[in-house]
1. Just the residues that are of a type in the set (V, I, T) and over 18 Å from the mean Cα position of the chain (by Cα), please, taken from segment 142-181.
2. Considering only residues of segment 11-38 that are of a type in the set (V, I, T) and touching a residue at least 40 places away in the same chain (Cβ under 8 Å), which is farthest from R179 (Cα to Cα)?
3. Answer yes or no as to whether R54 is surrounded by 13 or more Cβ atoms within 10 Å (Cβ to Cβ), assigned to a helix (DSSP H, G or I) and either charged (D, E, K, R) or at pLDDT 85 or above (or both).
4. Sort out which residues of segment 128-162 are modelled with pLDDT of 90 or more, over 17 Å from R48 (Cα atoms) and among the aromatic types (F, W, Y), and write them in order of number.
5. Starting from segment 115-132, take each residue that is within 14 Å of W68 (Cβ to Cβ) and list its partners that are surrounded by 12 or more Cβ atoms within 10 Å (Cβ to Cβ), counting only C-beta distances under 6 angstrom and pairs at least six apart or across chains.
6. Between E51, E65, E101, which is of a type in the set (D, E, K, R) and touching a Leu at 6+ places or on another chain (Cβ under 9 Å)?
7. If you go through segment 93-108 one residue at a time, do you hit one that is in contact with a Phe, Trp or Tyr (Cβ under 8 Å, 6 or more places away or on another chain) and loosely packed, with under 14 Cβ neighbours inside 10 Å?
8. Taking A75, is it surrounded by 11 or more Cβ atoms within 10 Å (Cβ to Cβ), farther than 30 Å from N17 by Cβ and among the small types (G, A, S)?
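The values are calculated or read from the model by the stated rules, or taken from the named source; none is laboratory data. Just so it is clear, the structure is predicted and the values come from calculations on it, not from any experiment. Cβ sites come from the backbone with ideal geometry, for glycine too, and all protein chains shown count toward neighbours.
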Amino acid sequence: MSFDKFRYAATQRDQDNVVIYLMPKQPVPETVPSELQDHISNDQYSSRLVEIKRLAFQYYKPLFERVWMTLSFFAVIIVPMVIYGIVFKQFKKNTDPDDKEQELKDFYKARAVSFGVFIGVLALFYLPIISWKAIGRRRMTVLLNRWALQDERSRGTMTFMPRWTVQIPSIFKSTTIVRITTPPGARPSVFQSGAFIPAFVNGPRDAAAGAYFYPYGPGQAGVPRMSVVGNFNSNPPAYSGVGDYKGGYGDVKL
């Protein structure tokens, strides 16, 4: 089984965007989608995707994040329960066992303390990682705004300019999602250069098999042909057998 189709990051399309899914261990696409070939060069396209990938995965540490979130899950459950038990017992030491009204007040006081501890533990574990992700999103926004300003200065405001948006990886999602807007009515067909077609629709790997290329072989100019008819010798050699074909056949020892 060939795994070539998994080598590069996946590229898809929705209604008005080209969507690129970047993974940590996959190289970025090198070919500009057909809808954007008049607006982005190959070098600019690949260099921007490389920069997006580098910045996005600076703020994605899967092992650390998952261990941290697992610890936070147990901490927000266990720590308030332990604190509640300790505080409630301490209140009961100074309360008359027969005083049910005071015991109920102590219960609510202990619950309030445990709830405060719950909020504190939640903030202790979640605020750092949320702030870290927010810094990554902020840096990505600054980068995309800088590119938009560069495009506006180089092309002006009267031409179509692709707009880049990026969704950086979350805690349990390792994909960076890049969306690039496409010109109105630019949805391609499979016959356009650079269009995405199934992996099995490819030319022959043998460069010498030019007869099977459509419309003509690499480096060959001429009238595009509609089939491979006429690409072979139309005058095959005459039959050169010995003797009458109606005769018998002799045994050949191998």
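1. Within segment 142-181, V142, T157, T159 qualify.
2. Taking the candidates together, the pick is T31.
3. no
4. Matches in segment 128-162: W132 only.
5. Every condition considered, the pairs that remain are V121/A75; V121/V76; V121/V79; L122/V76; F125/S72.
6. E51 is the lone residue from the list that is of a type in the set (D, E, K, R) and touching a Leu at 6+ places or on another chain (Cβ under 9 Å).
7. no
8. In short, yes.
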